[in-house]
Amino acid sequence: MRAVLLLALKSAWARRLTLGIALVAIALASALLLAVERVRSDARASFTQSVSGVDLVVGARSGAVQLMLYAVFHSGSATNNMRWESFEALATHPAVDWAVPLSLGDGHRGFPVLGTSAAYFDRLRYGDRQALTFSAGKPFAEVFEAVLGSEVAAQLGYRPGDHITLSHGMAELGPEHADKPFTVVGILAPTGTPVDRTVHVDLAAITAIHLDWAGGAPLPGLAIPAEQVRKFDLQPQEITAMLIGLKSRGDVFRLQRHINGYRGEPLLAVMPGVALDELWQTLATVEQTLFALSALVVAVGLAGLTATLLAGLNERRRELAILRALGAGPREIFMMLTVEGLLVTALGVFLGAALLAAGIVTLGPLLREYGVHLALRPPAANEWGLVVSILTTGLLASLVPGWRAWQISLADGLTPRN
Amino acid sequence: MTHSVNQAIRIEELTYRWPRQCADCLAISHFTVAHGERVFLHGPSGSGKSTLLALLGGVALPQTGRIELLGQPLTALSAHARDRFRADHVGFVFQQFNLLPWLSARDNVLLPCIFSTRRRERAGDPQQAAARLLTHLDLAPALWQKPAAELSVGQQQRVAAARALIGQPGILIADEPTSALDAPRQQAFIDLLLAETAAANAALLFVSHDVRLAAHFDRTVALAEVNCAATEAAT
């Protein structure tokens, strides 16, 4: 039996060019399918776990998705801000354990700047309730100090002690707050969340750099030097959003109702886990379509294999007759053909997985910039499931030429008919 | 009457009809080949030659009658057992394209040892047996490792003969093995085949339409005379 399989291998090797093309097709298709699966599970995980340990995210009334987009992902912009009085009222609500303000709108070379309080670094959790940690330095303590996300530091090559200036708005060439430079005091460890791409400063600093500004431009003739800003009241009038942690999670719905019906101004409170899940659901159709398409591509690849083997069979009628004369039964002929197809499929899937790994290594850093974090790791259970389904389909696809060879070997006997 | 054990091939009262045909294609009342006997079977195309080969190979079964090889009735065996029997006891040489083109000459000779344990054991050391046969059949060692596809037709037929002989099967069946060779090489090939089958003490059934090749055989039989179906159809 082993010798017959070895013979099948040698025969396949003799046709390595045509089989190789079928193999490459299967490899590319498998790589595509595995990549889609990997991106969808990893992206979902990194996306829905970009914030945890926060019970409510609160902002001016808009849509839940929009609020999450700017409050957590720092993308897009708030249509309205919320008043500082509302923040103070909610922060002192008896059910609230802690509250962190968020103020967005400025940028640094394309990265968003977040004005917040130092408590942010203690309170914010990501992934499986992991705390933020510093890879260098410490949280900001002074007005003009900044803490950088790991990617900001890595991409722009900043180290603690460097000076940076913020620009007004997110445009990379927006007007600069050049008169009030910040000192980098800390760099956060990588988290795989939007935190990595954010410049964190004290909320007071956001007020400070806008003291002598109005309507998005410096006020002519009014320039307040950085060292004098302390003399001013740096309490902001408005913030973009706030994060709330509760003393007891059981209060979450009650407080949510309270905020959504807040009398001071129209506010919206969302539970981040629920909102992120909903947000992901809006992508679910895209995700499922992609998956279905790549499954179809795999089917096409395997159909190509069947076609290749079937087409080759006509040229191999002599080979089959010779094997018959040597004593091979239709069963052995059937097995040789099926094993060949299964082998090509298995090699294809293996090559596909290798292609995916190579793709993650080469394209991973590029994808990180878009917030998709792909880790180089052995296939997870769902991916093994896909591998098994590809192999099973490959086996079914190989049964067709196997069955055809069986028929031919019975019809031809020892003398091939052409 | 000859006892069947002394016969390499024995056919009695056999008829065979291909599926979906109304007339018998082959009807042989009596035909035998003795152990070690070398028989020239003269059969022009259309005389039922391919059918007889299929029956002798055990890939087809007669509707009636007996067909025995080396004392074993083929009709008593399952399809799988007939495949085994063919692998163990019968060597075939066909018209041309006998070899797997992607295997070396030597590996082609060794093929029967893959499919038959009996022939592997009888070959002793298969590698040495292959080398011995190839040397006897006058194939230079330089060619042994070459892929079969690169050999000339004459060389390929000699490799095919070596393959049919390895592991000493009791019966050798050659179907027009010289038709692809030019005239001077035809006789040389037949002489080699006769000598080697004699050395192996195998029965040789040599089927050809060319009666001029019959000179050196023990016996010549015309298939048309044996096959009543063909006679009936002709008259």
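What follows draws every value from the coordinates through simple rules; no lab data is involved. If you're wondering where the values come from, they're calculated on a predicted model, not measured in any experiment. Cβ atoms come from the backbone with ideal geometry, glycine included; neighbour counts cover every protein chain shown.
For A:Lys138, a cut-off of 28 angstrom between C-alpha atoms picks up these lysines, skipping any fewer than 8 places away in its own chain: A:Lys180, A:Lys231, A:Lys247. Between the amide H of A:Leu114 and those of A:Val199, A:His200, A:Val201, distances stay under 5 Å, these residues lying 5 or more places away or on another chain, with hydrogens modeled in the peptide plane.
With the Kirkwood sum run over all distinct C-alpha pairs, segment A:302-418 has a hydrodynamic radius of 16.4 Å. Counting Lys and Arg as +1 and Asp and Glu as -1 over every other residue whose Cβ lies under 14 Å from the Cβ of B:Asp210, the net charge comes to 0.
Just add up the charged neighbours of A:Asn81: K/R +1, D/E -1, any other residue whose Cβ is under 15 Å from the Cβ of A:Asn81.
Working: positive: A:Arg61, A:Arg83; negative: A:Glu85, A:Glu88, A:Asp106, A:Glu238, A:Glu265.
Result for the neighbourhood of A:Asn81: -3.
Neighbour counts of C-beta atoms inside 10 Å place A:Ile408, A:Ile206 in the sequence A:Ile408, A:Ile206, starting with the fewest.
Footprinting exposure proxy ranking of A:His93, A:His74, A:His200, fewest other C-beta atoms within 10 angstrom first, gives A:His93, A:His74, A:His200. Bridging of A:Lys10 to lysines at a Cα separation below 30 Å is possible for B:Lys146, once same-chain residues fewer than 8 apart are set aside.
Round to the nearest 0.05 the FRET efficiency obtained for A:Thr92 and A:Val300 when R0 = 60 Å and r is the Cβ-Cβ distance.
On the way: r = 62 Å, r/R0 = 1.04.
Using R0 = 60 Å, I get an efficiency of 0.45.
Pairs of alpha carbons in segment A:56-270 separated by more than 23 Å make up 45% of all such pairs.
Stokes-Einstein diffusion coefficient for segment B:4-234 at 25 °C in a medium of 0.890 mPa s, Rh from the Kirkwood formula over Cα pairs: what value in µm²/s? Write out the running numbers ahead of the final one.
Details: Rh = 17.9 Å.
Roughly 137 µm²/s, to the nearest whole number.
The spacing between segment A:1-66 and segment B:1-71, judged by their C-alpha centroids, is 60 Å. The convex hull defined by the C-alpha atoms of chain A has an orientation-averaged projected area of 26.4 nm².
Evaluating kT/(6 pi eta Rh) at 10 °C and 1.306 mPa s, with the Kirkwood radius of segment A:227-291 over Cα pairs in the Stokes-Einstein relation, gives 102 µm² s⁻¹.
Can you tell me how much longer the chain between B:Asp138 and B:Val211 gets when fully stretched, taken as 0.36 nm per residue apart minus their C-alpha distance, in nm with one decimal?
23.7 nm
Ranking B:Asn227, B:Gln187, B:Gly170 by Cα position along the charge dipole of segment B:4-234, where only Lys, Arg, Asp and Glu carry charges on their C-beta atoms, puts B:Gly170 farthest toward the positive end.
Counting Lys and Arg as +1 and Asp and Glu as -1, what is the net charge of the other residues whose Cβ lies under 14 Å from the Cβ of B:Leu41? Walk me through the numbers before you get to the answer.
Working: positive: B:Arg38, B:Lys49, B:Arg219; negative: B:Glu37, B:Asp175, B:Glu176, B:Asp210, B:Asp218, B:Glu225.
Charge balance near B:Leu41 sits at -3.
Calculated from DSSP H runs of 4 or more alone, at -39500 (n - 2.57) each and per residue, what is the 222 nm mean residue ellipticity of chain A, nearest 500? Intermediate results must be reported in sequence, preceding the final value.
Numbers: 12 runs with 214 residues, N = 418.
Calculated from helices alone, the mean residue ellipticity at 222 nm is -17500 deg cm²/dmol.
What's the FRET efficiency of A:Gln407 with A:Gln281 using the Cβ-Cβ distance as r and R₀ = 51 Å, to the nearest 0.05?
Working: r = 50 Å, r/R0 = 0.98.
Efficiency for this residue pair is about 0.50.
The Cα trace of segment A:187-256 gives Rg and Dmax of 17.6, 54 Å, the first to one decimal, the second as a whole number. With a cut-off of 13 Å on the backbone N, the residues of segment A:111-143 near the modelled label site 7 Å out from A:Asp162 along Cα-Cβ are A:111.
When a footprinting reagent is the concern and you count Cβ atoms within 10 Å, what order do A:Thr116, A:Thr165 take, fewest first? Don't skip to the end; give the middle numbers.
Numbers: A:Thr116 25, A:Thr165 14.
With the fewest neighbours first, A:Thr116, A:Thr165 line up as A:Thr165, A:Thr116.
Model label sites at A:Ala381 and B:Thr220, defined 7 Å from Cα along the beta-carbon direction, differ in position by 8.0 nm. In a fully extended conformation the segment linking A:Leu219 and A:Thr392 would gain 55.2 nm over its present Cα-Cα distance, using 0.36 nm per residue. Here is the P(r) of segment B:142-190: all C-alpha pair distances, binned every 10 Å from 0, give 23, 51, 27, 0 in whole percents.
Report, to one decimal in Å, the Kirkwood hydrodynamic radius for segment B:159-235 based on all distinct Cα pairs.
Details: mean 1/r = 0.0729 Å⁻¹.
This gives a value of 13.7 Å.
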